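For reference, the structure is listed below as structure tokens.
The values are calculated or read from the model by the stated rules, or taken from the named source; none is laboratory data. None of the values given here were measured: they were computed from a predicted structure. Here the Cβ positions follow ideal geometry from the backbone for every residue, glycine too, while neighbour counts run over all protein chains shown.
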Amino acid sequence: MLRLSFAFTFVALLGACSDFPQLDNAVSPAAKNAPYPSLIPMDQALANAQDVQITDETVSTLSGRMNGLKNRATRAKRPVIDTETRKRLQDAIDRHS
């Protein structure tokens, strides 16, 4: 348990050694000098939101993306090392242990 707490403390202290990111130039001068956005009534905002319609094309596009992501997730779950290579590596480890 002591090793675990030491390792955690070491990692936490190591993270404290990193440089703080430079955020000064992240916002352009035009954005800094831009006026504050005006607020609009909620009814107007909701009316604008209702103008967006989900069509059959939207559904098919999202279904295609969903299927692609599911296939990618399935491939990511597969073992990285095939069975033959894993056995060969384990045999080498056993020989040197």
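Of note:
- On the stretch given as the stretch 10-48, residues that are hydroxyl-bearing (S, T, Y) and under 30 Å from the mean Cα position of the chain (by Cα) total 2.
- Failed condition for Y36, given (1) surrounded by 10 or more Cβ atoms within 10 Å (Cβ to Cβ); (2) in a loop (DSSP other than H, G, I, E, B): (1)
- Hey, A7 surrounded by 10 or more Cβ atoms within 10 Å (Cβ to Cβ), more than 25 Å from the chain's Cα centre (by Cα) and assigned to a helix (DSSP H, G or I) or not: yes
- Residue check for L13: surrounded by 10 or more Cβ atoms within 10 Å (Cβ to Cβ), assigned to a helix (DSSP H, G or I) and either at pLDDT 90 or above or hydrophobic (A, V, I, L, M, F, W, C) (or both): no
- The listed residue being under 25 Å from the mean Cα position of the chain (by Cα), on the phi < 0 side of the Ramachandran plot, surrounded by 10 or more Cβ atoms within 10 Å (Cβ to Cβ) and part of a helix (DSSP H, G or I), out of T85, T58: T58
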